[in-house]
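Accompanying notes for the structure given below.
The values are calculated or read from the model by the stated rules, or taken from the named source; none is laboratory data. As the structure is a prediction and not an experimental result, all values here were calculated from the model. For neighbour counting, all protein chains shown are included, and Cβ atoms are generated from backbone atoms with ideal geometry for every residue, glycine included.
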Amino acid sequence: MKKLVRIVFPEGQDKRILKAATIIARKKIAIPVIVNGRAKGCQTFYFKGDEIDCAMNLVKSGIVDGCICGAMHSTLKTIRSALHIIKSKFASSYFFLPEKKIFFADCALNINPDSEQLAQIAEQTAASAKMLSIKPRVAFLSYSTKGSGKGESVDKVRKAAEIFRKRNKNIAADGELQIDAAIVPQVAQLKGSRIIKGDANIFIFPNLDAGNIGYKIAQRFGNLKALGPVLQGLKKPVSDLSRGCSVDEIVEVAKLIARQAQRK
């Protein structure tokens, strides 16, 4: 049996957080640590000052194993605090859609990544998939499939796929691909992707506009859960929450963070 990890929740004044933390403790998903709040079965930590910075320092020091916040604060606040305190050479983020077991990246952090950065985002997301026991199959997305369109963005995505494949020969990856060529086997066959045959589970978007719009379309029109954004590239796992998150979504994110912390 794996040892339970400690996850800190700095927003101890939010009723959703407190209810979710009680469920997390009862189901033994993790040991919740609540900053400036009290919930049944949870550890509490009282602090005067910035609760999110406090939580990130608890992560950095090793007192806790991960952090989840964002129910009451902006994504920008969470990310800034995490990058400033925990730090990273390069960080990105992903959303996990559990019903489909797919990953969207980067949808929250890097505004206009270049080819090298796109390759790094794909590498980080593939590593995150492996932590969840999911075999990665990476599609680098574009408005073009294998030269059907032209432009700087197409060239950028194609080069990113080439960089990734050279460094990760054991991971199936292809690009540039339109979304239908990445997820529909018949389209993939027609358009010539021999590597990704319509069965991609990691989708790398060319920029933040596309990524953020893409995950929200899947979430709202597809009625799918979108957990995250989970930060990548940090020494310890950190996840943001949407301010409209439900108790169930908080619990599901805790499962993600707990598994990543155990693997680390």
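Does segment 224-233 contain any residue that is out of contact with any Cys (no Cβ under 8 Å at 6 or more places or on another chain), farther than 23 Å from residue 17 by Cα and of a type in the set (A, V, I, L, M)?
Kept after step one, since they are out of contact with any Cys (no Cβ under 8 Å at 6 or more places or on another chain), are these residues of segment 224-233: 224-227, 230-233.
Now restrict to residues that are farther than 23 Å from residue 17 by Cα: 233.
When the remaining residues are screened for being of a type in the set (A, V, I, L, M), the result is none.
No, segment 224-233 has no match at all.
So for segment 192-207 (the condition being modelled with pLDDT of 95 or more, out of contact with any strand residue (DSSP E or B) (no Cβ under 9 Å at 6 or more places or on another chain) and surrounded by fewer than 24 Cβ atoms within 10 Å (Cβ to Cβ)), does at least one residue qualify?
yes
Among the numbered conditions (1) of a type in the set (S, T, N, Q); (2) closer than 18 Å to residue 210 by Cβ; (3) free of Cβ contacts under 8 Å to residues at least 24 places away in the same chain, tell me where residue 145 comes up short.
Answer for residue 145: the failing condition is (3).
Out of all the residues in segment 97-155, which are in a loop (DSSP other than H, G, I, E, B) and among the acidic types (Asp, Glu)? Reasoning before the result, please.
Within segment 97-155, the subset in a loop (DSSP other than H, G, I, E, B) is 98-101, 106-114, 132-136, 142-151.
99, 106, 114 - these are the residues of segment 97-155 that are in a loop (DSSP other than H, G, I, E, B) and among the acidic types (Asp, Glu).
Would you call residue 194 within 22 Å of the chain's Cα centre (by Cα) and among the basic types (Lys, Arg)? Talk me through it step by step, then tell me what you get.
Numbers: within 22 Å of the chain's Cα centre (by Cα): no; among the basic types (Lys, Arg): yes.
It is false that residue 194 is within 22 Å of the chain's Cα centre (by Cα) and among the basic types (Lys, Arg).
Hey, could you check segment 162-176 for residues that are of a type outside the set (Asp, Glu) and free of Cβ contacts under 8 Å to residues at least 40 places away in the same chain and say which is surrounded by the fewest Cβ atoms within 10 Å (Cβ to Cβ)?
From segment 162-176, those of a type outside the set (Asp, Glu) are 163-173, 175; that's our starting set.
From the residues that got through so far, the ones that are free of Cβ contacts under 8 Å to residues at least 40 places away in the same chain too are 165-166, 169-170, 172, 175.
Numbers: 165: 19, 166: 9, 169: 8, 170: 5, 172: 19, 175: 31.
Taking the candidates together, the pick is 170.
Just name the residue that is modelled with the lowest pLDDT out of those in segment 95-148 that are on the phi > 0 side of the Ramachandran plot and of a type outside the set (D, E, K, R). Write out each step before concluding.
First, pick out the residues of segment 95-148 that are on the phi > 0 side of the Ramachandran plot: 101, 133, 146-147.
If we keep only those that are of a type outside the set (D, E, K, R) as well, we get 133, 147.
Working: 133: 92, 147: 88.
Top of the filtered list is 147.
Restrict the check to segment 56-73 and report whether at least one residue is under 20 Å from residue 6 (Cβ atoms), assigned to a helix (DSSP H, G or I) and in contact with a Ser or Thr (Cβ under 8 Å, 6 or more places away or on another chain).
Going through segment 56-73, the residues under 20 Å from residue 6 (Cβ atoms) turn out to be 56-71.
With the extra rule that they be assigned to a helix (DSSP H, G or I), the set shrinks to 56-61.
Within this subset, residues satisfying the condition of being in contact with a Ser or Thr (Cβ under 8 Å, 6 or more places away or on another chain) are 56.
Looking for residues that are under 20 Å from residue 6 (Cβ atoms), assigned to a helix (DSSP H, G or I) and in contact with a Ser or Thr (Cβ under 8 Å, 6 or more places away or on another chain), one finds at least one in segment 56-73, hence yes.
Considering only residues that are over 13 Å from residue 129 (Cβ atoms), buried (at least 24 other Cβ atoms within 10 Å of the Cβ) and not polar (S, T, N, Q), which ones fall in segment 79-103?
Result: 82, single match.
List the number of the failed condition for residue 56; all other conditions in (1) crowded, with 23+ Cβ neighbours inside 10 Å; (2) of a type in the set (A, V, I, L, M, F, W, C); (3) not assigned by TED's automatic domain parsing to the domain that holds residue 24 hold.
(3)
What's the total number of residues in segment 22-55 that are farther than 20 Å from residue 77 by Cβ and in a loop (DSSP other than H, G, I, E, B)?
Going through segment 22-55, the residues farther than 20 Å from residue 77 by Cβ turn out to be 22-32, 38-44, 46.
From what's left, in a loop (DSSP other than H, G, I, E, B): 27-30, 38-42, 46.
Residues meeting the conditions: 10.
To keep it simple, each residue is scored yes or no on (1) over 29 Å from residue 253 (Cβ atoms); (2) charged (D, E, K, R); (3) outside the structural domain of residue 257 (by TED's automatic domain parsing).
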site: 144; (1), (2), (3): yes, no, yes
site: 156; (1), (2), (3): yes, yes, yes
site: 162; (1), (2), (3): yes, yes, yes
site: 173; (1), (2), (3): no, no, yes
site: 197; (1), (2), (3): yes, yes, yes
site: 213; (1), (2), (3): no, no, yes
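May I ask you to say which residue of 19, 2 is assigned to a loop (DSSP other than H, G, I, E, B) and assigned by TED's automatic domain parsing to the domain that holds residue 72?
The conditions single out 2.
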